[in-house]
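**Q** Take a look at this one; I'll ask things after.
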Amino acid sequence: MPVARTVRSTGRRSLSSVLSSMTTMLSALKSKRKYTQILFAGLNAMNPSFLQDRLRQFMKDHGLTATALARQTGVSRASVSMWLSGSTKSLGAETTAQLAKAYGIDDALWLATGQRIDEDNLPLPTPKPADGHVVRIPQYDAAGAMGDGLELRDQPGVIHSWNVSKEWLNKNVRHFSSTENLCIVTGFGDSMRPMFNPGDPLLVDAGVKTVEFDAVYFFRVEGEGFIKRLQRVPGRGLLAISENSAYREWTIDKSMDFEVFGRVLKVWRSEDF
């Protein structure tokens, strides 16, 4: 008969206290040495009144002989006999750690304390990508673009930063100057619909400071910021073109105070449903 998943506590400490201790111990499993020394360091303070009964049930469930159990835990056959006879009332930290590595923490905890881990009450771990594999793409500093700040009209909101993997970046974004030059600009106004809507995030390469070919750029004229398609026209300068046909194109000539902040690489367009 399988061991029941919920066992009445046989120790003096409450189950919540045990769970708190186990949560702390689980965080130490990154190091093998800490795993052995810390995992069940405090378990002997509990009262394993029926260790021999739990051990017999455990051996039955896993088809273990006393010799096999001794080999897996690194103790002598005589020590196992003392557990089974009731002469020894507790398991050592090293022994419990060996059991945890072989059969899991839950079974090892049950053998040592008579209690099991309530997985529903344990905090969920937050997955963390390996160091060096994540690129943080910050929001473009519009306030620092000019001495008095850059005016971005009709900007409904701001996306402060993105965290993306290098793998995603290499697969989805091409031809940018460097990862350090990537930034997020929140789309503003409706002149570029349907390419993007106000509030949509745009990935911009801030390393691009000149219009070397026709593309969509983030730039300013005087103190106002724009996102437009710029087309080079010989003899006229640059033609600023909106995607929205309701807006007329206009010319940027040499007499204007013009500065390129970057080239738009990618657009994430939102739609209402």
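The values are calculated or read from the model by the stated rules, or taken from the named source; none is laboratory data. Note that the coordinates shown come from a computational prediction; the quantities given were computed from them, not determined experimentally. Methodologically, a virtual Cβ is constructed for each residue, glycine included, from the backbone with ideal geometry; neighbour enumeration extends over all protein chains shown.
**Q** Looking at G86, G114 in this structure, which one is in contact with a Pro (Cβ under 7 Å, 6 or more places away or on another chain) and at pLDDT below 80?
**A** G114
**Q** Those residues that are among the β-branched types (V, I, T) and under 18 Å from D53 (Cα atoms), I need them from region 89-112; list them, please.
**A** Scanning region 89-112 gives T95, T96.
**Q** Does R193 satisfy the criteria of being assigned to a strand (DSSP E or B), basic (K, R) and in contact with an Asp or Glu (Cβ under 8 Å, 6 or more places away or on another chain)?
**A** No; evaluated as a whole, the condition is false for this residue.
**Q** Moving on. Determine which member of the set L203, L230, L238 is part of a strand (DSSP E or B), modelled with pLDDT of 90 or more, under 24 Å from R136 (Cα atoms) and out of contact with any Pro (no Cβ under 7 Å at 6 or more places or on another chain).
**A** L203
**Q** Select from region 224-252 the residues that are surrounded by fewer than 16 Cβ atoms within 10 Å (Cβ to Cβ) and hydrophobic (A, V, I, L, M, F, W, C) and write down the one among them that is nearest to the chain's Cα centre (by Cα).
**A** A246
One line per residue, one yes/no per condition, for (1) under 14 Å from L265 (Cα atoms); (2) touching a Ser or Thr at 6+ places or on another chain (Cβ under 8 Å):
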position: L182; (1), (2): yes, no
position: G187; (1), (2): yes, no
position: D200; (1), (2): yes, yes
position: D205; (1), (2): yes, yes
position: E212; (1), (2): no, no
position: F218; (1), (2): yes, no
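**Q** Name the pairs whose Cβ atoms lie under 9 Å apart, with the first residue in region 161-173 and of a type in the set (D, E, K, R), the second outside any helix (DSSP H, G or I) and exposed (fewer than 13 other Cβ atoms within 10 Å of the Cβ), and 6 or more positions between them or separate chains?
**A** K166/G132; K166/H133; E167/H133
**Q** Out of all the residues in region 253-263, is one or more surrounded by 13 or more Cβ atoms within 10 Å (Cβ to Cβ) and basic (K, R)?
**A** Yes: region 253-263 contains one or more residues that are surrounded by 13 or more Cβ atoms within 10 Å (Cβ to Cβ) and basic (K, R).
**Q** Let me ask something else. Go through region 197-223 and count every residue that is hydrophobic (A, V, I, L, M, F, W, C), buried (at least 17 other Cβ atoms within 10 Å of the Cβ) and more than 18 Å from N172 (Cα to Cα).
**A** So the count comes out to 4.
**Q** Go through (1) modelled with pLDDT of 75 or more; (2) more than 27 Å from the chain's Cα centre (by Cα); (3) part of a loop (DSSP other than H, G, I, E, B); (4) crowded, with 19+ Cβ neighbours inside 10 Å one by one and return the number of the condition F176 breaks.
**A** (2)
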